[in-house]
Each structure stands twice: as C-alpha cells, then as structure tokens.
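Here's the structure we're looking at; comments come further down.
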Amino acid sequence: MIYIKFQIKNPWHSNKFKNIWMTGGYLTKNKSFELELYQDSEAFLAFAVDMSLIGKDHAGFELNIGLFGYRFSTMIYDTRHWDYKNGKWE
C-alpha cells in the first residue's frame, strides 16, 4: 500500500460541496473506473495518491488533485471485496 498526501488547508472553509461532473464504468469484469470534478472549500492546494493492489475491499489506484476549491479525482479499482479470513478475493 502506498499513500501520499499533501494539502494546504483553507482556514475559512465551509461545508460547501458541489459535484460538477462525474462518469464511470467497467474496464473488465472486476475492474471499474471513476472520473469526477467537484467543488469544495477544504483546501487551497491538494494532492493525494492512494495505491493498494490487494488486501482490502475495492483495492486499486486513486489520484486526487485540488486547486483553489476545485478537485479532480480519478479511480481505477477492483469491484470485489477482500476476504480477510482467507486472504483472497470473495
């Protein structure tokens, strides 16, 4: 698992959230993708990468980039759940 996050928070942020655009779909039988553009007031600058290929539910890759209240997020993930007891996909 790799998780990297950098953020310069907005000290005057509110709970404002507006979804501007979103799409998603299947890439293969067990892999899906999502692309999203939204507006929030949490950070002036944000960057996050999360990559986990196995060992958790909906494992995959996520990239999140934010600038002055607008964020772009993309995900490629596995649609299956992880069976923690047996160490494999359900």
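The values are calculated or read from the model by the stated rules, or taken from the named source; none is laboratory data. Not measured: the values here are computed from a predicted model. Positions of Cβ are generated from backbone atoms using ideal geometry, with glycine treated the same way; all protein chains shown enter the neighbour counts.
Overview of results
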{"read-out": "Leading residue by the ranking (modelled with the highest pLDDT) among those in the range 53-84 that are in a loop (DSSP other than H, G, I, E, B) and aromatic (Phe, Trp, Tyr)", "value": "Phe68"}
{"read-out": "Every pair of residues 6+ apart whose Cβ atoms lie under 8 Å, when the first sits in the range 14-26 and is more than 13 Å from Thr74 (Cβ to Cβ) and touching a residue at least 12 places away in the same chain (Cβ under 8 Å) while the second is surrounded by 10 or more Cβ atoms within 10 Å (Cβ to Cβ) and of a type in the set (D, E, K, R)", "value": "Lys16/Asp40; Phe17/Asp40; Lys18/Asp40; Asn19/Glu36"}
{"read-out": "Leading residue by the ranking (surrounded by the most Cβ atoms within 10 Å (Cβ to Cβ)) among those in the range 36-90 that are out of contact with any strand residue (DSSP E or B) (no Cβ under 6 Å at 6 or more places or on another chain), touching a residue at least 24 places away in the same chain (Cβ under 8 Å) and polar (S, T, N, Q)", "value": "Ser52"}
{"read-out": "Condition check for Thr23: loosely packed, with under 13 Cβ neighbours inside 10 Å, closer than 28 Å to Asp83 by Cα and not hydrophobic (A, V, I, L, M, F, W, C)", "value": "no"}
{"read-out": "Filter result for Thr28 (loosely packed, with under 10 Cβ neighbours inside 10 Å and touching a Leu at 6+ places or on another chain (Cβ under 8 Å))", "value": "no"}
